[in-house]
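Encoded as structure tokens, the structure appears first; notes follow it.
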Amino acid sequence: MTDIIYQVTPVSPEAHLFEVCCKVGKPEPGGQKFSLPAWIPGSYMIRDFAKNIVSLDVSSAGHAVKVRKLDKQTWRCEPCQGSLEIVYRIYAWDLSVRSAHLDITHGYFNGTSVFMAIDKQTNRTCDVILNPPSGLRYQRWKVATSLQPAGALLREFGRYRAQNYDDLIDHPVEMGDFDVETFAVSGVPHDLVVSGKHRADLKRVKRDLAIICAHHVDLFGELPKMERYVFLVMCVGNGYGGLEHRSSTSLICSRDDLPLEHIAEVTDEYRAFLGLCSHEYFHTWNVKRIKPEVFIPYDLSQESHTRLLWVFEGITSYYDDLTLARTGLISVTSYLELLGKALTRLYQNPGRKVQTVTDSSFDAWTKFYKQDENAGNAIVSYYIKGAVIACALDLMIRSRCKTSANIVKSLDDVMRGLWKKYGETGLGVAEDALEAEIENLTGLDLKDFFSKALNSTEDLDMVPLFREFGVSLRFRCQQKSTDLGGKALEEDHNHRVDMGVTVIAEGGELRIRNIVTDSPAQQAGLSAGDRVIAIDNLKVILSNFEKTLSRYQPEETITVHAFRRDELMQFDVTLKPAPSNTCYFEITGDLGNWIEVSR
């Protein structure tokens, strides 16, 4: 019997309440402290999960024990004789991969949202008893989790076990009447668990996921030790996102992202879903086991800053779609379209000229995860720029590391080396160690490359790197707001004008959402939040805004009327040519070994 037992009950799905009872067999003699995390690993923002606690009571041997709150997430009990029982209720109404959600259709939670950390006892083994909600409407509910059973049968309520607190919070739980498909990779069962209404061909998804997972295992050489891996997928009307765990991942997707039966094509939506699954599964190695030194152990009470998120998210973002091409799930042309879109997102972002990718990693807590209307001008995504750096590294290594036997090294070899040194041993990657590790693993002097890529805001010259592998990187102007790049145009439209704004419809009006630094609109005095009502005295709304601008030529000046707060203002905007910052590729030769796995 373990000294710490958590019992989780969906006590009121209608009111979105989980009740948690934590029994501590040997509380600290001087008074037991306990706390709830402020953030969840993989999502670098303070979320203050303790704000969702609606009631909390503590007792010992049936008698109430006084408890004092020390800060926003920490409590201390008075000393007591015998075991301690902490009972609290969690309001669970965040339909995301980060927190907890409960209603009459299903229940879901991450451990960081519901499990108190018992101070000075976080290294102890603990048990979790998962209870079903009461009532006939819930009689078909089951459980999906990668927590190790300790008496519970597969996909049933009952007793589970975690080796310590870090293990406890790394196995999200889904409960409800969900669909399941199972496949094996390296002898380990993998569950595809899908909740929410859908008509998806799950057998096809299962086959495709098996291919992706086997590829990642082959790349690293082994699957980390685990009893089961679980893909927890929540289907909604409109959604996209994922969060990695040691032997599972939580995903949210639009139901239209999943394929229907008897439709063989890989739609853009399904391609994105497979890329998301590939991304999160790659994290099984890269960030869940190969991780920054500062994350060993996690300090979940406050921010844990690292300049290495470009490695763990950026390299993962490079491999996620590349894997789809390597396995033949999508064509090389389709992959190049995705890569062109990624480069477009980078080059259309003025913030890349302001913030380095290492600063973006360090400031994820306060900038990347808390973006405002000026974010595009001030920050760069460590996901996107990190992926571009990873691509450049891969191409450089493949180009320069060829042996007399024509054996080629690549970024694959770097990842396998990092896995052996850090992932298998549990050592953390020091902040200043990664660049030297890559140089040692490749034998290349990459100091100038890293200086430019990581510690400056200069653009990397990707054109010659791609050219060496038979691919030409092209640039053109964006044709409209829905033009995300990745494809050539049938005809040249590079005469398009640009104001330097993105707009949305709000309450029937046209509102400026973002405005680009030094753009014509900004120079004229327009600002984010302004509600544009007319251009040259003609009414504009979202549906005719771009068509209206298309009537003008560069260097023409237009009169814009807009409301700022409740004041009508007039602005004279001199239009400029749209910049050539939208990317696509043309295959001009033999791609050589680029898409191949190196050995």
Report summary line: Going through the stretch 317-345 in order, the residues found to be surrounded by 21 or more Cβ atoms within 10 Å (Cβ to Cβ), without any contact (Cβ under 8 Å) to a residue 60 or more places away in the chain and of a type outside the set (D, E, K, R) are Ala342
Query - Residue, surrounded by the most Cβ atoms within 10 Å (Cβ to Cβ), within the stretch 109-143, restricted to residues that are over 18 Å from Ser248 (Cα atoms), of a type in the set (A, V, I, L, M, F, W, C) and without any contact (Cβ under 8 Å) to a residue 60 or more places away in the chain - result: Trp141
Report summary line: Pairs returned, first residue in the stretch 443-472 that is touching a residue at least 40 places away in the same chain (Cβ under 8 Å) and within 23 Å of Pro350 (Cβ to Cβ), second residue that is outside any helix (DSSP H, G or I) and among the charged types (D, E, K, R), beta-carbon separation under 9 angstrom, 6 or more apart or interchain, are Leu454/Arg307
**Report entry** Residue that is farthest from the chain's Cα centre (by Cα) [pool: residues in the stretch 92-108 that are crowded, with 16+ Cβ neighbours inside 10 Å and either of a type in the set (Lys, Arg) or under 14 Å from Ala50 (Cα atoms) (or both)]
**Finding:** Ala92
Report summary line: Residue hits (the stretch 267-280; in contact with a Ser or Thr (Cβ under 8 Å, 6 or more places away or on another chain), more than 13 Å from Gly42 (Cα to Cα) and buried (at least 17 other Cβ atoms within 10 Å of the Cβ)) are Arg271, Cys277, Ser278
Query raised in the report: Would it be correct to say that Ala364 is in contact (Cβ under 8 Å) with a residue 60 or more places away in the chain, surrounded by fewer than 21 Cβ atoms within 10 Å (Cβ to Cβ) and within 23 Å of Asp432 (Cβ to Cβ)?
Result: no
Requested in this report: List every residue pair whose Cβ atoms sit under 7 Å apart, with the two residues 6 or more apart in sequence or on different chains, where the first one lies in the stretch 187-216 and is over 14 Å from Gly275 (Cα atoms) and the second, anywhere, is modelled with pLDDT under 95.
Outcome: Asp201/Glu261
Query raised in the report: Among the residues of the stretch 370-380, is there at least one that is over 28 Å from Ser527 (Cα atoms) and without any contact (Cβ under 8 Å) to a residue 40 or more places away in the chain?
Result: no
**Report entry** Count of residues meeting criterion [surrounded by fewer than 19 Cβ atoms within 10 Å (Cβ to Cβ), outside the structural domain of Lys341 (by TED's automatic domain parsing) and among the polar types (S, T, N, Q)] in the stretch 452-479
**Finding:** 2
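The rows are residues; the columns are (1) at pLDDT below 95; (2) surrounded by fewer than 16 Cβ atoms within 10 Å (Cβ to Cβ); (3) in contact with an Asp or Glu (Cβ under 8 Å, 6 or more places away or on another chain).
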residue: Asn537; (1), (2), (3): no, yes, no
residue: Val540; (1), (2), (3): no, no, no
residue: Thr557; (1), (2), (3): no, yes, yes
residue: Glu567; (1), (2), (3): no, yes, no
residue: Gly589; (1), (2), (3): yes, yes, no
Requested in this report: Specify the residue that is nearest to Val501 (Cα to Cα); the eligible residues are those in the stretch 375-406 that are surrounded by 14 or more Cβ atoms within 10 Å (Cβ to Cβ) and polar (S, T, N, Q).
Outcome: Asn377
Report summary line: Restricting attention to the stretch 508-552, the residues that are assigned to a loop (DSSP other than H, G, I, E, B) and within 17 Å of Asn374 (Cα to Cα) number exactly 10
**Report entry** Flag if Leu154 is surrounded by fewer than 17 Cβ atoms within 10 Å (Cβ to Cβ), farther than 30 Å from Asp119 by Cα and either touching a Gly at 6+ places or on another chain (Cβ under 9 Å) or at pLDDT 95 or above (or both)
**Finding:** yes
Query raised in the report: Name the residues in the stretch 405-449 that are touching a Pro at 6+ places or on another chain (Cβ under 9 Å) and part of a loop (DSSP other than H, G, I, E, B), would you?
Result: Glu424, Gly428, Ala430, Glu431
Report task. Output the qualifying pairs, or none if there are none: Cβ atoms under 8 angstrom, residues six or more apart or on different chains, first residue in the stretch 295-310 and in contact (Cβ under 8 Å) with a residue 12 or more places away in the chain, second residue assigned to a loop (DSSP other than H, G, I, E, B) and small (Gly, Ala, Ser). Result -> Phe295/Ser304; Phe295/Gly428; Ile296/Gly426; Ile296/Gly428; Tyr298/Ser304; Leu300/Ala38; Ser301/Ala38; Gln302/Ala38
Query raised in the report: Any residue at all in the stretch 204-218 that is of a type in the set (Asp, Glu), modelled with pLDDT of 95 or more, surrounded by fewer than 19 Cβ atoms within 10 Å (Cβ to Cβ) and under 23 Å from the mean Cα position of the chain (by Cα)?
Result: no
**Report entry** Residue list for the stretch 450-477, restricted to those being in contact with a Leu (Cβ under 8 Å, 6 or more places away or on another chain) and assigned to a loop (DSSP other than H, G, I, E, B)
**Finding:** Met462, Glu468, Phe469, Gly470
Query raised in the report: So which of Gln73, Gln7 ends up being crowded, with 20+ Cβ neighbours inside 10 Å, closer than 22 Å to Pro172 by Cβ, at pLDDT 95 or above and polar (S, T, N, Q)?
Result: Gln73
Requested in this report: Identify, by number, the condition in (1) part of a loop (DSSP other than H, G, I, E, B); (2) surrounded by fewer than 17 Cβ atoms within 10 Å (Cβ to Cβ); (3) in contact with a strand residue (DSSP E or B) (Cβ under 9 Å, 6 or more places away or on another chain) that Glu222 doesn't meet.
Outcome: (3)
Query raised in the report: Do you know which residues across the stretch 245-279 are over 18 Å from Ala325 (Cβ atoms) and assigned to a helix (DSSP H, G or I)?
Result: Arg255, Asp256, Asp257
Report summary line: Among (1) part of a loop (DSSP other than H, G, I, E, B); (2) within 15 Å of Ser247 (Cα to Cα), Arg124 falls short only on (2)
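Matching residues to (1) part of a helix (DSSP H, G or I); (2) farther than 24 Å from Ser472 by Cα; (3) modelled with pLDDT under 95; (4) more than 15 Å from the chain's Cα centre (by Cα):
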position	(1), (2), (3), (4)
Gly314	yes, no, no, no
Ser317	yes, no, no, no
Ile330	no, no, no, yes
Leu336	yes, no, no, yes
Leu346	yes, no, no, yes
Requested in this report: Give me the pairs, please: first residue somewhere in the stretch 409-423 and within 16 Å of Cys391 (Cβ to Cβ) and in the same structural domain as Arg326 (by TED's automatic domain parsing), second residue anywhere and of a type in the set (Asp, Glu) and assigned to a helix (DSSP H, G or I), beta-carbon distance under 9 Å, and either six or more positions apart or on two chains.
Outcome: Ser410/Asp394; Leu411/Asp394; Asp412/Asp394; Val414/Asp394; Val414/Glu437
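The values are calculated or read from the model by the stated rules, or taken from the named source; none is laboratory data. Keep in mind that what you see is a predicted model, and the values were worked out from it rather than measured. Every residue, glycine among them, receives a Cβ derived from its backbone with ideal geometry; neighbour counts consider all protein chains shown.
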